[in-house]
Amino acid sequence: MTPSTPRTAPRFGYGTNGLTDLRLDDALALLADLGYDGVGLTLDHMHLDPLVPDLAARTRQVARVLHRHQLTATVETGARYVLDPRRKHGPSLLDPDPDARAARARLLVRAVQVAADLGAHAVHCFSGITPDDTDRDTAWKRLADALGPVLDAATGAGIPLAIEPEPGHLLATLADFHHLRRALGSPDMLGLTLDIGHCQCLEPEPPADCVRAAAPWLRHVQIEDMRRGVHEHLPFGEGEIDFPPVLDALARTGYQGLTVVELPRHSHAGPQLAAASLPFLRAAAQGGRT
């Protein structure tokens with residue numbers, strides 16, 4: 001970012017994976033009433049099931065609701081059991097079975113189409129955990145190959161694919177993202193989902209520095225509190241992150257997408273946490289101590 005580039009006002013959203021006890025229409029109405037700019041919409045059986053035969057019609061209905069509430073969206077693909085009711089996040093893009101990898105890739109291609117139909121600004125995804133008895137070189141090759149048709153779809157739709165470094169996954173860090181990007185020939189449509197809590201959890205640099213380092217590739221941002229070395233998404237104020245420097249760094253990158261609160265294990269208190277999170281983030285964005 002050059003000195004002449006203006007700061008970008010943050011645009012905050014809340015993830016539907018933290019509102020799974022609400023019907024989707026009710027969740028969207030809640031977020032609009034609270035003053036959120038958008039939503040991280042997870043494709044799952046509770047809200048917008050990507051496997052139903054009438055997906056296109058259902059997507060059009062959701063698009064109308066988003067428009068009515070003046071909400072924008074990022075499409076997220078982290079539902080735990082959307083493809084396999086017995087394996088969390090299974091199958092992944094690293095699965096030993098090529099047909100299973102292809103099933104995950106097809107889900108992501110479908111997510112790209114949903115995002116295009118919703119007018120969403122990105123599709124989020126992740127690599128998955130390296131299977132037992134699979135060496136890293138093989139895992140990286142599987143990931144790169146599986147993402148080929150997804151990136152083709154993203155290019156055709158003009159929807160960036162934003163892969164997330166996830167603790168415990170093959171692609172776990174910013175350095176891993178750059179490894180994949182180089183392996184794929186630095187495609188324009190491959191961007192980054194930066195989870196601020198994950199930066200606190202395992203990146204060597206502070207979260208604000210991670211934001212600055214990731215700036216050219218940022219397509220989606222997730223945010224929550226977290227502690228060093230512990231991958232547990234926490235409500236704001238319950239972890240170790242100093243948020244004003246993080247949000248200042250984000251504003252100075254020129255990033256214009258959503259910054260989405262990511263509390264997938266707190267749906268039991270989703271409406272209350274959604275109500276508390278937005279004023280916290282707004283105060284932090286104004287430089288207030290948190």
Checklist entry - Can you list the HN-Hα couplings for the stretch 124-136, worked out from phi with the Karplus curve (6.51, -1.76, 1.60; θ = phi - 60°), rounded to whole Hz and with x for Gly and Pro? => result 8, 7, 8, 7, x, 7, 4, x, 4, 6, 10, 7, 5
Checklist outcome for this item: With x for Gly and Pro, the residue-by-residue ³J(HN,Hα) of the stretch 33-42, computed from phi through the Karplus equation 6.51 cos²θ - 1.76 cosθ + 1.60 at θ = phi - 60° and given in whole Hz, is 4, 6, x, 5, 8, x, 9, x, 9, 7
Item to check | Total formal charge among the other residues, if their Cβ is under 12 angstrom from that of residue 256, Lys/Arg +1 and Asp/Glu -1 | outcome: +2
Next on the checklist: Among (i) 22.4; (ii) 21.3; (iii) 19.0, only one was calculated for this model; which label is it, if the read-out is Kirkwood radius over Cα pairs in Å?
Outcome noted: (iii)
Item to check | Under 15 Å, Cβ to Cβ, from residue 149 - net charge with Lys/Arg +1 and Asp/Glu -1 | outcome: +2
Next on the checklist: Sort 269-279, 199-209 by the packing proxy (mean of other Cβ within 10 Å over each peptide's residues), most packed first.
Outcome noted: 199-209, 269-279
Item to check | DSSP-defined beta bridges in the chain - what % are antiparallel, rounded to 5 | outcome: 5 percent
Checklist outcome for this item: Rounded to one decimal in nm, the spacing of the 7 Å Cα→Cβ label points at residue 242 and residue 29 is 4.3 nm
Next on the checklist: From Cα pairs below 8 angstrom and at least 6 apart in sequence, can you work out the relative contact order of the stretch 1-69, rounded to a whole percent?
Outcome noted: 31 percent
Checklist outcome for this item: For the stretch 119-217, the accessible surface attributable to carbon and sulfur atoms (probe 1.4 angstrom, ligands and nucleic acids excluded) amounts in percent to 52 percent
Item to check | the chain - Cys residues lacking any other Cys C-beta under 4.7 Å | outcome: 125, 201
Checklist entry - Cα centroid distance between the stretch 209-252 and the stretch 49-127, in Å? => result 25 Å
Checklist entry - Once amide H atoms are placed 1.01 Å from N in the peptide plane, what residues at a sequence separation of 5 or more from residue 90, or on another chain, have their amide H within under 5 Å of its amide H? => result 84
Checklist outcome for this item: Under 5 Å from the placed amide H of residue 124, counting only residues 5+ away or on other chains, we find 75, 76, 77, 162
Item to check | Added length on full extension, which subtracts the Cα-Cα distance from 0.36 nm per residue, residue 60 to residue 133 | outcome: 22.0 nm
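The values are calculated or read from the model by the stated rules, or taken from the named source; none is laboratory data. Everything numeric here is computed off the predicted structure, so don't read it as measured data. Every residue, glycine as well, gets a Cβ built from its backbone with ideal geometry; the counts of neighbours run over all protein chains shown. Quick note on the areas: whole protein, heavy atoms, side chains included, nothing else; ligands and nucleic acids left out. Shrake-Rupley method; radii C 1.70, N 1.55, O 1.52, S 1.80 Å.
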